[in-house]
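The next block holds one structure in the form of structure tokens; read it before the comments.
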Amino acid sequence: MRRAVRRRSSATEELEVIAPSKLAINNVSKSFQSASGKVLALDRVSLNVAEAEFVCLVGASGCGKSTLLNIIAGLEKPDSGEVLADGKPVTAPGRERLVMFQEPALFPWLTVFGNVLFGLNLKPNLSRKDRHDVAKYYLELVGLSRFERANIHELSGGMKQRVSLARALAPNPRVLLMDEPFAALDALTREQLYGDIQEIWKARRKTIVFVTHNVREGACLGDRVLLFSPHPGRIQEEFAVELPRPRDINSVDLAAYATRITKALKRIGQAEAVAAE
Ligand SMILES: Nc1ncnc2c1ncn2[C@@H]1O[C@H](COP(=O)(O)OP(=O)(O)OP(=O)(O)O)[C@@H](O)[C@H]1O
Ligand SMILES: [Mg+2]
């Protein structure tokens, strides 16, 4: 049944009704005690991510990007502030929010196939055959079908990262938290995965928070690119990328966005964050 639209509601109100925040990060601060003193990794960071939005975080090494992802995942607790997922406080990891870590975190005692299957074993609604079919689908997607029986130690760094990607995608989480997932890959594989991830994101309506050092990658994938600054870690600037999808990493329009974002990074003293493009 169609709801009557209030005649006097503003466009902003209407959009809020359609797209409530999938993730709400409210005033999150986090510090660490290290041998060289206290580090304020995150300082009152606030961010709303809408359902099915793709948000990229860009910033220099050590500015708190992984810390923020870990807090959103429920793997770490903030000192103050809160994270809400679907309006509920995040207190622990959940199957709905999967992280793809910066370093591949695979089980060395399982094969490639076993690693991808692992997350699917927690899905009781899938039959054994379904789980196998889904695992095979994602291994093919990342180009590792030939290696499904291989042991983890037999793989290159880039191959391990692709297994991690397949493992994160296989249980079909609503929210994917990706920490520089493509950094270790060669340019050709990366380009192919840019296409695949855009397709998966669109077809499955995933909400993605994606950390990268590569500005062009951020502009290619993100609806928004957020620039971080370190010590203390803060969000400094935000760019909405209004280009049609699927986006081609090599397009001229995309390069223009990347140039603007790079200039902003330089302005806030974050030039070191920019990957060689
Ligand atoms: N467990 C920890 N103990 C002590 N300090 C930590 C810990 N985790 C992070 N830090 C510090 O917090 C700050 C932010 O770290 P974080 O890993 O979030 O940065 P990052 O933006 O992900 O960097 P990179 O781009 O290099 O991955 C850094 O100064 C780091 O040294
Ligand atoms: Mg990191």
Quiz item: On the given criteria, is K123 of a type in the set (D, E, K, R) and within 16 Å of ligand 2 (Cβ to nearest atom)?
Solution: no
Quiz item: V99: over 14 Å from S46 (Cα atoms) and within 16 Å of ligand 2 (Cβ to nearest atom), yes or no?
Solution: yes
Self-check item: Checklist (1) within 18 Å of M178 (Cα to Cα); (2) modelled with pLDDT under 95 applied to P232, failing item
Solution: (1)
Self-check item: Wholly enclosed helices (runs of 4 or more DSSP H) of the stretch 174-276 bearing at least 1 residues surrounded by fewer than 19 Cβ atoms within 10 Å (Cβ to Cβ) and within 13 Å of the chain's Cα centre (by Cα)
Solution: 187-204
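Can you name every residue in the stretch 63-88 that is away from ligand 2 (no atom under 16 Å from the Cβ) and modelled with pLDDT under 95?
If the condition is that a residue be away from ligand 2 (no atom under 16 Å from the Cβ) and modelled with pLDDT under 95, then D86, G87, K88 are the ones that fit.
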Exercise. Go through (1) surrounded by 23 or more Cβ atoms within 10 Å (Cβ to Cβ); (2) without any contact (Cβ under 8 Å) to a residue 12 or more places away in the chain and name the single condition L165 misses.
Key: (2)
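The values are calculated or read from the model by the stated rules, or taken from the named source; none is laboratory data. What you see is a predicted model; the values in this text were computed from it and never measured. Methodologically, a virtual Cβ is constructed for each residue, glycine included, from the backbone with ideal geometry; neighbour enumeration extends over all protein chains shown.
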